[in-house]
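Structure first, then comments.
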Amino acid sequence: MKVPLHLIAALVLFSAPGKGQVPQVPPMPPPDPRYKADILLIVAHPDDETALGGYLAKVIVDDHKQVAVIYCNRGTGGGNTHGLEQNNAMGAIREIEARRATTSLGIQNIWFLDGRDTPGQDVFQSLQNWRHGVVLEQVVRLVRLTRPEVILTWLPNYVQGENHGDHQASGVIATQAFDMAGDPLVFPAQVAVPRERLDINNAAEGLTAWQPKKIYYFSDASHPVEGEGPEFDIAGISPSKKVPYYRLAIDLHTPHLTQGDVSEVGLEAKTTGDYTAFLNWMRTFRLIFGKSVVKATPRGDVFEGITPVPVPFTPPRGYQPRNYQGTTIEMGGAFAFYRDFWRAHNIEHLATTVKPEVGIAAGSYLQFPLILRNDTKDSVEVVLKPQIPRGWEVAAGAGRYLLAPGQIYPAQTILHAPVEQPAVAQITWLAESKGRSIGDCTMTVTLSEWTLPQ
């Protein structure tokens with residue numbers, strides 16, 4: 001077998017020391033400093049970084065922080081307002097648009113993962129199309145590579161607004177990665193030491209298990225989300241550039257020509273000199289405190305309590321089954337998932353940021369998932385009745401449900417919305433058993449001309 005030249009050189013250098021001599025062991029290389037980040041932004045699509053453009057401008061330009069970005073997919077499923085190209089071809093274009101945009105703020109390190117763009121509001125569909133575990137492993141790897149102090153990501157919640165399932169999915173995966181990257185037993189090949197780093201064909205990756213210190217969220221809701229977080233004025237003046245932060249962020253928008261709603265607002269402001277619409281759009285995005293493993297306050301500065309010293313792995317609470325008694329009703333689907341997800345990851349305060357809500361197109365169907373539970377020793381009958389405004393129609397779900405002892409029944413109710421608005425409606429499902437109420441579930445529904453499919 002032919003021995004590689006670098007191994008021969010190493011053998012000559014470190015073989016047979018003279019009498020009384022102790023050989024010098026080569027130093028251990030540190031983690032690659034080129035990729036160390038203060039902030040790691042984990043989002044779904046190219047152009048999502050624009051949501052926090054004003055804040056990113058401040059921390060990069062004036063605070064001299066290093067920012068890196070992960071895009072979980074290339075945005076192949078959206079429309080193209082600039083050309084005919086679609087699908088994978090548009091994904092190739094959007095990747096370049098994002099590289100040009102981030103370069104305008106000096107962001108060098110960005111990655112595009114292989115999740116499939118999934119236009120819709122269903123987080124489960126997005127996670128399934130992304131191959132959840134594959135993308136999660138990739139994100140954990142990049143957290144360990146970039147070793148961020150802070151992670152910023154989309155809010156893992158169901159809201160009225162764009163409510164993109166991919167946005168939700170990126171928030172779910174970012175939260176999981178926050179709680180996994182510091183655990184060396186998670187994807188252990190990533191943190192295993194290579195047998196011979198100078199040789200070829202190493203399976204072990206040689207990364208360092210890393211615990212980020214804080215995570216913050218932002219939302220694509222069409223209204224302000226009532227969550228605590230640091231205050232930041234995007235109209236504040238940059239001390240170094242002498243212009244407002246939103247002006248520094250505008251070049252994040254203008255390269256995204258395929259996404260007209262993102263680029264046009266910036267291009268119009270540049271052309272007319274009227275930045276009102278651009279400023280109002282930017283102000284809809286606020287940072288919402290997720291959690292911190294260092295001493296910090298929800299409204300404090302993003303870097304409050306953060307020092308350069310790494311912190312030990314801080315495991316989350318993890319999933320814990322809830323105790324139920326009697327016969328009950330609660331919201332199912334994504335609403336049930338998030339209840340357990342928030343608690344498992346120690347971010348249960350997010351439950352108070354938004355009451356159950358959704359936006360759908362006028363004249364379309366509303367899916368309102370419910371869970372009926374019979375935690376008794378006897379069979380029971382549960383009657384579901386709707387309380388709906390005039391013009392709404394029940395397509396499925398109303399009726400009598402027979403539940404065996406201990407049975408859980410996921411009831412998929414469907415209602416048809418009127419074509420004419422009142423724009424906002426309260427939809428309630430009442431549950432009765434043995435002639436008595438066992439509870440109810442209410443959702444606020446906003447009708448508009450068009451929304452992503454529910």
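None of the figures in this text is laboratory data; all of them are computed from the coordinates on show. All values derive from a computational prediction rather than experimental measurement. All Cβ positions, even for glycine, are placed from backbone atoms using ideal geometry, and neighbour counts span all protein chains on display.
For the stretch 33-292, the number of Lys pairs separated by eight or more positions or lying on different chains, with C-alpha atoms closer than 29 Å, is 24. Once both labels are positioned 7 Å from their Cα atoms along Cα-to-Cβ, the gap between residue 235 and residue 377 label points is 6.7 nm.
Close amide-amide hydrogen proximity is noted between residue 41 and 68, 69, 70, 152, each under 5 Å apart and 5 or more residues distant or on a separate chain (H modeled in the peptide plane; Pro and chain starts excluded).
Please determine, in degrees from 0 to 90 and to the nearest 10, the orientation of helix 333-344 with respect to the longest principal axis defined by the Cα atoms of the chain, where the helix direction is its Cα long axis. Between the helix axis and the principal axis of the chain, the angle is about 50 degrees.
Calculated from DSSP H runs of 4 or more alone, at -39500 (n - 2.57) each and per residue, what is the 222 nm mean residue ellipticity of the chain, nearest 500? Numbers along the way, then the final one.
Working: 10 runs with 112 residues, N = 454.
Theoretical 222 nm ellipticity from helices: -7500 deg cm²/dmol.
Evaluated with a Cβ-only charge set (Lys, Arg +1; Asp, Glu -1), the chain carries a dipole of roughly 1320 debye about its Cα centre, given to the nearest 20.
Remark on residue 207: its backbone amide H falls under 5 Å from those of 191, 192, a criterion applied only to residues 5 or more positions apart or on other chains, H modelled at 1.01 Å from N. Distant-in-sequence amide contacts of residue 291, defined by a placed amide H-H separation under 5 Å and a gap of 5 or more residues or a different chain, comprise 215.
For all pairs of alpha-carbon atoms in the stretch 33-292, what percent lies in each bin of width 5 Å, listed from the first bin to the last filled one? Pair shares across the bins are 1, 6, 13, 17, 20, 18, 12, 7, 4, 2, 1, 0, 0.
Pairs of alpha-carbon atoms within less than 8 angstrom and 6+ residues apart define the contacts here; what relative contact order does the stretch 326-448 have, in percent?
33
Highest-first packing order for the peptide set 283-293, 219-229 is 283-293, 219-229, based on the mean count of other beta carbon atoms within 10 Å.
Binning at 5 angstrom from zero up to the longest distance, how are the C-alpha pair distances of the stretch 156-289 distributed in percent? Answer for the stretch 156-289: a P(r) of 2, 9, 12, 13, 14, 13, 10, 9, 8, 6, 3, 1, 0 percent.
Does the stretch 301-454 come out rounded, prolate or oblate by the C-alpha gyration tensor, with a ≥ b ≥ c the root eigenvalues, rounded set by a/c under 1.5 and, if not, prolate when a/b is larger than b/c and oblate if not? Because a/c hits 1.5 or more and a/b fails to exceed b/c, the stretch 301-454 counts as oblate. Here the gap between residue 195 and residue 400, fully extended at 0.36 nm per residue and compared with their Cα-Cα distance, gives a gain of 67.4 nm. Please work out which option in [x] 36, 34, 17; [y] 45, 31, 20; [z] 67, 23, 18 gives semi-axes √(5λ) of the Cα gyration tensor in Å calculated from these coordinates, and answer with its label. From the options [x] 36, 34, 17; [y] 45, 31, 20; [z] 67, 23, 18, the structure gives [y].
Length gained on full extension, residue 424 to residue 99: 113.0 nm, using 0.36 nm per residue less the C-alpha separation.
Across the chain, C-alpha contacts under 8 Å between residues 6 or more apart give a mean separation that, scaled by the residue count, equals a relative contact order of 14 percent. Each principal axis of the Cα cloud of the stretch 223-325 was taken in turn, and the coordinate range along them, longest first, works out to 59, 41, 24 Å.
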